[in-house]
1. Order by neighbour count: Thr128, Thr69, fewest other Cβ atoms within 10 Å first, most last.
2. So what's the convex hull volume per residue for the Cα atoms of the chain, in Å³?
3. Using label points projected 7 Å from each Cα along Cα→Cβ, tell me how many nm separate Ala18 and Ala100, to one decimal.
4. Relative contact order, percent, of the chain when contacts are C-alpha pairs under 8 Å separated by at least 6 residues?
5. Under the rule of at least 5 residues apart or a separate chain, name every residue whose amide H is placed under 5 Å from the amide H of Gly118.
6. For the chain, set up a Gaussian network in which alpha carbons nearer than 10 Å are linked by springs, and say which option among Pro139, Pro112, Pro124 fluctuates the most.
7. In terms of modelled amide H atoms, which long-range or inter-chain residues lie less than 5 Å from the amide H of Val75?
8. Going by amide H atoms built from the backbone, whose H comes under 5 Å of the H on Ala47, apart from near neighbours?
Amino acid sequence: MNATRFVPARPPLVAGAAVRPLAPVSDARGRLVEILSASDPLFRGFAHAYVTTAYPGVVKAWHLHREQTDTLVVVAGMARVVLYDGREGSPTRDVVNEFACGVHAPLLVQIPPGVLHGFQCLGPSECTVLNLPDRPYRPDAPDEWRLPPDDPSVPFDWRSRDG
């Protein structure tokens, strides 16, 4: 009996976003994962580096920046990283991209200005996300706008989709 494998259609990548698998190098001592180098075409410089965490099941969404590009890597645990392109005039307006990334799927996700994004911790342990934004944070004029995770203007449901 021949079985046909179902492969769901994937939306195009949000315009201006970049996603690249990371390649851990392992030996008897452990692992090394190069995240970003000045020689990498995705390197935009960075203004600072920080990590943020989420406990199992917690959603940190939605937010966007008008000028800043975020470059995210889940460095511990697993997370669902989601992008939504609500930009007027974008060729990928209304496209949603969803990525499961972390220790079991090392991935760099670069998010252009104007794209709503967020993440949810998957699995039984806290996840840690490294961000390398290309602009410094300005407390006097923050480049950050937020919506709640369940905002009806964003066509994405953070509830689990077991399958």
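Every read-out reported here was derived from the displayed coordinates using simple, explicitly stated rules and does not represent laboratory data. Remember, predicted model here, so these are calculated numbers, not experimental data. Neighbour counts run over all protein chains shown; Cβ positions are idealised from the backbone, glycine included.
1. Thr128, Thr69
2. Cα-based convex hull of the chain, divided per residue, equals 175 Å³.
3. Once both label points are built, they end up 2.6 nm from each other.
4. Relative contact order here is 32 percent.
5. The list, which skips near neighbours in sequence, is Val82.
6. Pro139
7. Thr128, Val129, Leu130
8. Correct list: Asp134, Arg135.
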